[in-house]
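Step one of this worksheet: look at the structure below.
The values are calculated or read from the model by the stated rules, or taken from the named source; none is laboratory data. Keep in mind that this is a model prediction, so the values were computed, not measured. Quick reminder, even Gly has a Cβ in these numbers, built from the backbone with ideal geometry, and neighbours come from all protein chains shown.
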Amino acid sequence: MASLTVRQLDDKLKKLLRLRAARHGRSMEDEVRTILRAAADEPDRATPDAVAAPRPSPLAARQESQPHAASEKKVLLIIGGGIAAYKSLDLIRRLRERGLGLHVAMTDAAQEFITPLSAGAINDARPYTDLFDPVHELSVGHIRLARSVHTVVVAPATADLIAKMANGHADDLASAILLATTANILLAPAMNPHMWANKATRRNMAQLIADGVHVIGPNAGEMAESGEAGVGRMAEPLEIVAAVQALLAPAPGLLAGVRMLVTSGPTHEPIDPVRYIANRSSGKQGHAIAEAAAVCGARVTLVSGPVNVPDPPGVHVIKVETAREMLSAVEQALPADVAVFAAAVADWRTATNSQEKIKKSGKQAPELMLVENPDILSSIAHLTSNRPKLVIGFAAETEHVVEHAEQKLARKNCDWILANDVSPETGIMGGDSNTIHLVTRTGVEHWPPQTKTEVASELVARIAQALRTTR
Ligand code: C5P
């Protein structure tokens with residue numbers, strides 16, 4: 001076996017090794033021995049070079065235990081040193097659930113709060129911790145890492161890390177990556193409210209925003225220090241995930257070849273030629289879902305009740321008025337791989353539809369006799385042949401939101417329910433944002449408040465993930 005001496009190393013590597021040896025109080029030769037021993041002890045899969053394969057979501061796990069193919073878009077999570085680092089463990093899990101290939105790097109200070117072992121266990125790959133790691137720095141590993149990812153997330157982003165970034169420092173792995181990367185950078189700051197409000201931090205943040213860095217949070221609330229409250233809490237993991245997904249943008253081709261059926265808007269149930277029963281649905285959510293699916297390459301048929309939003313581009317739109325027309329259009333649009341029932345279908349229609357305008361006559365108001373409309377979601381979800389692989393409903397509730405959605409999931413035989421609170425104070429009905437609780441047969445996931453477009457992208461990503469495991 002050929003022998004290698006420290007003298008044969010190139011100058012840069014020698015310098016790195018000298019610094020590392022000095023830090024550990026060892027000779028350079030002893031430092032090399034330590035590194036080689038550690039490398040030999042590592043199983044292959046635990047080397048940081050391996051991007052952790054995405055982990056299936058609970059739903060995917062239920063459908064099939066096979067892991068997904070590695071995602072094209074990789075994310076690097078840099079964990080900074082703050083008490084919020086414990087939330088980053090959940091963030092790793094959430095990012096993996098969404099099928100993202102994930103690298104993790106930890107600063108020295110982060111390792112005071114959580115261990116590389118716990119981060120590595122959740123991500124199935126040892127995190128990067130050291131700039132002076134000859135095993136990886138032989139090929140300038142931090143530059144490679146910085147350039148190989150689509151998005152770099154820093155969570156928690158401490159005041160110190162922010163200051164280093166704003167000033168272009170590169171004296172440790174995290175700052176060197178941040179200086180070398182050309183990827184999107186998303187910061188999730190977390191610090192004491194006084195540090196966040198400090199003029200130096202304000203200056204640094206203004207500089208970073210001007211440099212094109214994206215920021216999520218911090219949120220207001222209680223601090224880890226007892227009695228302290230204010231703006232400085234790290235955004236919640238799901239909020240960070242939503243921001244990452246917005247940066248990743250729907251991938252064209254994600255749903256290539258998938259046949260998708262979406263219902264949207266209200267239905268109008270005529271009373272006579274000029275009057276009808278309706279509801280406040282705007283169609284914004286259903287139309288956003290149809291559009292997001294089409295952007296991702298799905299062949300989308302949108303069956304829509306009367307709305308004032310434009311037809312989404314690239315979508316086959318069938319316009320209907322009543323629930324019965326909607327059911328018939330939906331049946332004709334089958335077969336489909338996925339059906340999303342976002343329409344607010346009127347539960348009742350009048351038993352008779354007067355052909356003439358009902359006149360005011362005498363003192364008595366006319367009596368309207370109502371009969372129940374067909375349940376479109378339930379009829380399609382109960383089909384024994386031609387049932388789409390994934391049937392997704394919505395549950396607009398004003399109380400016991402999740403509980404009612406769970407009952408609806410079972411009663412209507414659908415696979416997922418997106419439940420939301422439509423009490424007037426939420427402003428969801430007709431508004432631009434939505435707060436979703438995703439109810440599946442295996443559990444409930446609470447999504448943060450998002451725009452209806454973000455909800456649509458998130459749902460499309462979930463659908464793609466679920467279909468990958470059933471193909
Ligand atoms: O029972 P509820 O109206 O709350 O159920 C809501 C879900 O069922 C939505 O997905 C809606 O599109 C669907 N639905 C339907 N046909 C009906 C009533 C509701 O498809 N007649």
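Whether any residue in the stretch 351-370 is within 14 Å of the ligand (Cβ to nearest atom), more than 20 Å from S304 (Cα to Cα) and not basic (K, R) is what I want to check.
Yes, the stretch 351-370 has at least one match.
Does L377 meet the test of being in contact with a Cys (Cβ under 9 Å, 6 or more places away or on another chain) and buried (at least 20 other Cβ atoms within 10 Å of the Cβ)? I'd like the intermediate steps shown before the answer.
Working: in contact with a Cys (Cβ under 9 Å, 6 or more places away or on another chain): yes; buried (at least 20 other Cβ atoms within 10 Å of the Cβ): yes.
Yes: the conditions hold for L377.
So which residues in the stretch 406-427 are of a type outside the set (D, E, K, R) and more than 9 Å from the ligand (Cβ to nearest atom), if there are any at all?
Q407, L409, A410, N413, W416, A419, N420, V422, S423, P424, T426, G427 - these are the residues of the stretch 406-427 that are of a type outside the set (D, E, K, R) and more than 9 Å from the ligand (Cβ to nearest atom).
Need a quick list: helices (runs of 4 or more DSSP H) entirely within the stretch 157-229 having at least 3 residues that are over 19 Å from D108 (Cβ atoms) and either over 25 Å from the mean Cα position of the chain (by Cα) or of a type outside the set (K, R) (or both).
Details: elements: 159-166, 173-180, 193-197, 199-210.
By residue number, 193-197, 199-210.
List the residue pairs whose Cβ atoms are under 6 Å apart, where the first residue sits in the stretch 311-331 and is at positive phi, the second is not hydroxyl-bearing (S, T, Y), and the two are 6 or more positions apart or on different chains.
Cβ pairs passing all conditions: G314/A294.
Tell me yes or no: at least one residue of the stretch 433-448 is more than 21 Å from A235 (Cα to Cα) and over 20 Å from the mean Cα position of the chain (by Cα).
No: the stretch 433-448 contains no residue that is more than 21 Å from A235 (Cα to Cα) and over 20 Å from the mean Cα position of the chain (by Cα).
With V401, V338, V391 as the choices, which residue is within 12 Å of the ligand (Cβ to nearest atom) and within 15 Å of I289 (Cβ to Cβ)? Working first, answer last.
Values: V401 fails: within 15 Å of I289 (Cβ to Cβ); V338 fails: within 12 Å of the ligand (Cβ to nearest atom).
Exactly one residue qualifies, and that residue is V391.
Just the residues that are within 16 Å of the ligand (Cβ to nearest atom) and either over 24 Å from T435 (Cα atoms) or not assigned by TED's automatic domain parsing to the domain that holds G427 (or both), please, taken from the stretch 377-388.
Keep residues of the stretch 377-388 that are within 16 Å of the ligand (Cβ to nearest atom), which gives 377-383, 387-388.
S379, I380, A381, H382, L383, R387, P388 - these are the residues of the stretch 377-388 that are within 16 Å of the ligand (Cβ to nearest atom) and either over 24 Å from T435 (Cα atoms) or not assigned by TED's automatic domain parsing to the domain that holds G427 (or both).
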